[in-house]
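K.L.:
Dumping the structure here so I can ask a few things about it.
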Amino acid sequence: MNKNTPERILIVDDSLEMRNFISNVLTTEAGYSVSVARSGHEGVEITIQESPDLIITDYSMPEMSGLEMLEELRRREQTMPAILMTAEGSEDIAVRALRAGVMDYFVKPFDPFEMKEAATRVLAASRIGATRTSVSDQRNMQALNALIAVGRSVTALLDLESILTRIVEAAVFISGAEEGTLMLLDRTTGDLYVRASKNIEEGLRSMRLRVVDSLAGKVVSSGDPLYVEGGTPQKIKTSYLVRSLIYVPLKVADRVIGVLGVHNRSGASPLGKDILASMTALADYASIAIVNAELYSEADSERARFSKILNQIQDGVLLVDGHDRVALCNPVARDLLDQAGNDFIGQRLVNLTSNRQLLDLLEDSKNRTTRPLHGDVSHSGKIFNAHVSEIPGLGRAVVMQDITELKELDRIKSELVLMVSHDLRSPLTAILSYTELMGRVGELNEQQKEFTKQARISVESITTLINDLLDLGKIEARVDREREEVDMGELAGQAVRIVKQQAELKKQIITVNTREGVPTVMGNALQLRQVFTNLLDNAIKYSGVGGAIGLHLFGEAESVIVVISDDGIGISPEDQPHIFDRFYRVKEVTQTHTGTGLGLNIVKSIVDLHSGRVWVQSTPGKGTTFTIVLPAFTASNLEQEAITNA
Ligand code: ADP
């Protein structure tokens, strides 16, 4: 061939799209000269006129199929190489075509670049064939092309059934054998059964072979191929005799999972040992396909299990990706977004819902990657507690639990607490007054004095409890919503004055240390003062006579930090995680110190309401330090405030 003349390829296909698409790749990417024909008849004509170097033809065309066209051309002694394109599932045709001299075949849809490579390879092979026309070279070339085509099907993820059938057919084709089988080991029984076959009689396709006493079993046990040249008939199974056979093992990481075999029952042409390498390659393809199929089916059943769980749980689950597009959504969350079907997946959440609570929660979560963020989301009369978690690499997941009933119960409870505690105050005031009056109406003896004192102490502790409950009730009901710019130093001073007397009774000294220029806080002054008094009360209560209590106040990076410390009894590491819980009291102090177990819960609720954080550090016997961090008042959190209060 003249080096400067591009090789000529004829594309025969009744589909204009296919013709354009293949010729585009072959001309622009590989520089071939391309002619096209719309039918088998036109293909024959053009071939005779132009004598192309390669024909790429579709199989299925009206009037004359691609294979019929090639057969017609052979009759007219036009024997140029060809590549056949077939529709899905036509392995039989593909193998027939290979037998008819087709050098490669493609199952639609295929990658055009693979087609380009196949064309280059076939043209190169035919160039060699033109100079060295040995039959065995031609045969090897065909075997190689068959192997490449099979390899392509394995990676193209066709179904396992088709791939294994194609592998057996290729084995039969390459070896020139009469028949072939692909047998796999049954994991439960340990027997071999036929998984795919070519030219095997119907009745024998369901045969099962024991590993211990069959030829195929030998291959399983040894892991080595078996080659029987011919001559004395060999028994594959009772009354199933063959004259020559080749068996190769299917291996997965040194474990034999099956056997690929070809055999000749008649003695006409013994099988050549030279195809062992190709058979082994085919067996490897089969093993890869089987492992792939297993992995795929495992992944598939995992996926099915996951989606069953997701679809049936009562909570809403939503996943948004890094661009705020919905990546996953279960039915509960779908209702919440007022969507039907699944076509909204991939769309931006902001285009699907106008629910500000949900959108804001997700927006806020972008700035907090370490801990989950939660908040209420209301929709059609229901309230959901939504939790947002960052899922690295995937986006953010929102789990929404319907808490409508819980919210209602909570409201009833709060109302009840407010009402009961309010109504208890009057009778308690009366009891307290009567115990006072008792001493005024006449001299009391020592025992009577002690009894009235105990009665007073009890009334006082109930009053504290009621006050705490009322405070909590108000915080929860958000009764005290007034917010103002608060000077924390001033509040600290007020709180110290309130508890001063108590501290003096125990000869304790409170040292206040306020750094210059502490920023203000936007908040409720009464509540924030209560944070100070509750913590100072505890410091006094849980420290001994002569104890030292410190109140340290300073500003740092848009935050106001309050540290209240004492050198009292301390809190054990086991108790520390619970002390902010409602009604939690450390067991050891219940006998020695009065209290309600609500003080710290009130502190935490108030700090939370002000978007702050509170934590404790303590060493038993040494002392306790509470630290509170509140956002300093700036123009930006004023805006935030406006949104929250809206
Ligand atoms: P209480 O009414 O019992 O003081 P709080 O909610 O204020 O309830 O505190 C919960 C528990 O935490 C207390 O019972 C106490 O055991 C422990 N605690 C709180 N503050 C201190 C402190 N400064 N030192 C030691 N223990 C403390």
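K.L.:
Which pairs break 26 Å Cα to Cα here: K366/K413; K541/K587; K587/K622; K449/K474?
P.N.:
Among K366/K413; K541/K587; K587/K622; K449/K474, the Cα-Cα distance tops 26 Å for K366/K413; K449/K474.
K.L.:
Now a separate question. When the Cα atoms of segment 394-552 are enclosed in a convex hull and the volume is divided per residue, what value in Å³ results?
P.N.:
214 Å³
K.L.:
Return the whole-Å distance between the Cα centroid of segment 176-237 and the Cα centroid of segment 480-557.
P.N.:
So the separation of the two Cα centres works out to 88 Å.
K.L.:
Please report, to one decimal in angstroms, the Kirkwood hydrodynamic radius of segment 413-476 built from all distinct Cα-Cα pairs.
P.N.:
13.0 Å
K.L.:
A further question on this structure: State, to one decimal in nm², a quarter of the convex hull surface area for the C-alpha atoms of segment 436-526, i.e. the direction-averaged projected area.
P.N.:
That works out to 9.2 nm².
K.L.:
Amide H neighbours of E7 under 5 Å, counting only residues 5+ apart in sequence or on other chains, H built in-plane at 1.01 Å?
P.N.:
Residues meeting the amide H criterion: S33.
K.L.:
By how many degrees, 0 to 90 and rounded to 10, does the Cα axis of helix 599-609 deviate from the longest principal axis of the chain?
P.N.:
Taking the Cα atoms of the chain, the angle to 599-609 is about 60 degrees.
K.L.:
Excluding ligands, DNA and RNA, what is the solvent-accessible area per residue of segment 481-639 at a probe of 1.4 Å, expressed in Å²?
P.N.:
With the other protein chains kept in place, segment 481-639 gives 51 Å² per residue.
K.L.:
Sticking with this one: Taking segment 1-63, which GluC sites (Glu not before Pro) meet the DSSP loop condition and have no more than 13 other C-beta atoms within 10 Å?
P.N.:
E63
K.L.:
Continuing with this model, one more query. At a Förster distance of 56 Å, what's the computed FRET efficiency of E484 paired with R305, Cβ-Cβ distance as r, to 0.05?
P.N.:
The value I calculate is 0.55.
K.L.:
Please report, in debye to the nearest 20, how large the charge dipole of segment 8-131 is about its Cα centre when each Lys and Arg carries +1 at its beta carbon and each Asp and Glu carries -1 there.
P.N.:
Using Cβ point charges on Lys, Arg, Asp and Glu, segment 8-131 gives about 420 debye.
K.L.:
Can you tell me the Rg and the Dmax, both Å, for the Cα atoms in segment 8-131?
P.N.:
Answer for segment 8-131, Rg first and Dmax second: 12.9, 37 Å.
K.L.:
Please give the direction-averaged projected area of the C-alpha convex hull for segment 208-281, in square nanometres with one decimal.
P.N.:
4.9 nm²
K.L.:
Once you put a point 7 Å from the Cα of N467 and another 7 Å from the Cα of Y584, both along the Cβ direction, what distance in nm separates them?
P.N.:
2.4 nm
K.L.:
Let me ask you something else. Take the alpha carbon atoms of segment 331-460, find their radius of gyration, then divide it by 2.2 N^0.38 Å using N residues; give the quotient.
P.N.:
After normalising by residue count via 2.2 N^0.38 Å, the value is 1.98.
K.L.:
Roughly how big is the chain's charge dipole about its Cα centre, with Cβ charges of +1 (Lys, Arg) and -1 (Asp, Glu), in debye to the nearest 20?
P.N.:
1440 debye
K.L.:
Sequence-distant or interchain residues sharing an amide H contact under 5 Å with Y105, placed H: which?
P.N.:
Distant-sequence amide H within range of Y105: L84.
K.L.:
Another question, if that's okay. Report the antiparallel proportion of the DSSP beta bridges in the chain as a percent, rounded to a multiple of 5.
P.N.:
Roughly 75 percent of the beta bridges in the chain run antiparallel, per DSSP.
K.L.:
Using a 1.4 Å probe on the protein chains only, how many percent of the accessible area of the chain belongs to carbon and sulfur?
P.N.:
Carbon and sulfur: 52 percent of the exposed surface of the chain.
K.L.:
Enumerate the amide H contacts of V486 below 5 Å, restricted to partners 5 or more residues apart or on another chain; note that Pro and chain-start residues carry no placed amide H.
P.N.:
Amide H neighbours of V486, under 5 Å, 5+ apart: V521, M522, G523.
K.L.:
Quote the charge dipole size of segment 315-402 about the Cα centre in Debye, to the nearest 20; the model charges only the Cβ of Lys and Arg (+1) and of Asp and Glu (-1).
P.N.:
180 debye
K.L.:
Another question, then. Kindly sort H422, H578 by accessible area of their heavy atoms, largest first, with the probe set to 1.4 Å.
P.N.:
My answer, sorted largest first, is H422, H578.
K.L.:
Students sometimes get this wrong: rank F633, F626 by accessible area, probe 1.4 Å, all chains present, largest first.
P.N.:
Highest to lowest solvent-accessible surface, that is F633, F626.
K.L.:
Provide the packing ranking of 532-543, 440-451, 380-391, i.e. peptides ordered by the mean count of other C-beta atoms within 10 Å per residue, highest first.
P.N.:
Put in order of decreasing packing, that is 532-543, 380-391, 440-451.
K.L.:
How far, in degrees from 0 to 90, does helix 40-50 lean away from the longest principal axis of the Cα atoms of the chain, to the nearest 10?
P.N.:
Orientation of helix 40-50: about 70 degrees from the principal axis.
K.L.:
Pick out, in residue order, every one of the GluC sites (Glu not before Pro) in segment 484-584 that is DSSP loop and has at most 11 other C-beta atoms within 10 Å; say none if there are none.
P.N.:
Qualifying residues, ordered by number: E516, E574.
K.L.:
I'd like the Karplus ³J(HN,Hα) series for segment 542-557: coefficients 6.51, -1.76, 1.60, θ = phi - 60°, whole numbers in Hz, and an x wherever there's a Gly or Pro.
P.N.:
Once rounded to whole Hz, the list reads 9, 10, x, 4, x, x, 10, 10, x, 10, 10, 10, 7, x, 7, 6.
K.L.:
Same structure again: Would you work out which of G489, Y434, Q454 lies farthest towards the positive end of the dipole of segment 368-511, given +1 charges on the beta-carbon of Lys and Arg and -1 on that of Asp and Glu, about the Cα centre?
P.N.:
Of the listed residues, the answer is G489.
K.L.:
Step through the residues of segment 281-290 one at a time and calculate ³J(HN,Hα) from phi using the Karplus curve (6.51 cos²θ - 1.76 cosθ + 1.60, θ = phi - 60°), rounding each to whole Hz and writing x for Gly and Pro.
P.N.:
3J(HN,Hα) across segment 281-290, in whole Hz: 4, 5, 4, 5, 4, 4, 4, 4, 4, 5.
K.L.:
Between I431 and I48, how many nm apart are label points set 7 Å from Cα along the C-beta direction?
P.N.:
Each label point is offset 7 Å from its Cα along the Cβ direction, giving 12.0 nm.
K.L.:
Work out the charge dipole of the chain with +1 on the Cβ of Lys and Arg and -1 on the Cβ of Asp and Glu about the Cα centre, then indicate which of P631, L318, V614 is farthest towards its positive end.
P.N.:
Ranked along the dipole, the leading option is V614.
K.L.:
Moving on to the next point. In the P(r) worked out for segment 315-402, what percent of Cα pairs fall beyond 23 Å?
P.N.:
11 percent
K.L.:
Related question: Give me the number: length gained by fully extending D186 to E504, i.e. 0.36 nm times residue separation minus the C-alpha to C-alpha distance, one decimal in nm.
P.N.:
Result for the pair: 105.8 nm of gain on full extension.
K.L.:
A further question follows. Go through segment 53-68 residue by residue and turn each phi into a ³J(HN,Hα) via Karplus (6.51, -1.76, 1.60, θ = phi - 60°); whole Hz please, and just put x for glycine and proline.
P.N.:
Once rounded to whole Hz, the list reads 7, 8, 10, 10, 10, 6, 7, 8, 9, x, 6, 10, 6, x, 5, 4.
K.L.:
In Å, what is the Rg of the alpha-carbon atoms in the chain, and how long is Dmax?
P.N.:
Just the Cα atoms of the chain yield Rg and Dmax of 43.1, 140 Å.
K.L.:
For I391 and R74 in the same chain, what is the full-extension length gain: residue separation times 0.36 nm, less their Cα-Cα distance, in nm?
P.N.:
Full extension of this stretch gives 107.8 nm more.
K.L.:
Which one, Q591, S572, A548, projects farthest toward the positive side of the charge dipole computed for segment 481-639 from Cβ point charges (K/R +1, D/E -1)?
P.N.:
Farthest towards the positive pole: Q591.
K.L.:
Please give the helix 404-441 orientation as an angle from the longest Cα principal axis of the chain, in degrees from 0 to 90, rounded to the nearest 10.
P.N.:
Between helix and principal axis, roughly 20 degrees.
K.L.:
So how long is each side of segment 234-386 along the principal axes, counting just the alpha-carbon atoms, biggest first, in Å?
P.N.:
Reported extents, whole Å, longest axis first: 83, 32, 25.
K.L.:
State the extension gain, in nm to one decimal, for the chain segment bounded by M438 and S378, taking 0.36 nm per residue of separation less the distance between their alpha-carbons.
P.N.:
16.0 nm is the gain from fully extending M438 to S378.
K.L.:
Please report the orientation-averaged projected area of segment 489-564, defined via the convex hull of its C-alpha atoms, in nm².
P.N.:
Directional mean of the projected Cα hull area for segment 489-564 stands at 4.7 nm².
K.L.:
Extending each Cα 7 Å along its Cβ direction at R208 and N367, get the distance between those two points in nm, one decimal.
P.N.:
6.8 nm
K.L.:
Give me the percent of Cα-Cα pairs in segment 481-639 that sit more than 28 Å apart, rounded to a whole number.
P.N.:
The proportion of pairs with Cα distances above 28 Å equals 18 percent.
K.L.:
Related question: For a distance above 28 Å, tell me the whole-number percent of Cα pairs in segment 161-297 that qualify.
P.N.:
Percent of Cα pairs beyond 28 Å in segment 161-297: 8.
The values are calculated or read from the model by the stated rules, or taken from the named source; none is laboratory data. Keep in mind it's a predicted model, so treat the numbers as computed, not measured. Positions of Cβ are generated from backbone atoms using ideal geometry, with glycine treated the same way; all protein chains shown enter the neighbour counts. For the accessible areas, the whole protein counts, side chains as well, though only heavy atoms, and no ligand, DNA or RNA atoms are used. Shrake-Rupley method; radii C 1.70, N 1.55, O 1.52, S 1.80 Å.
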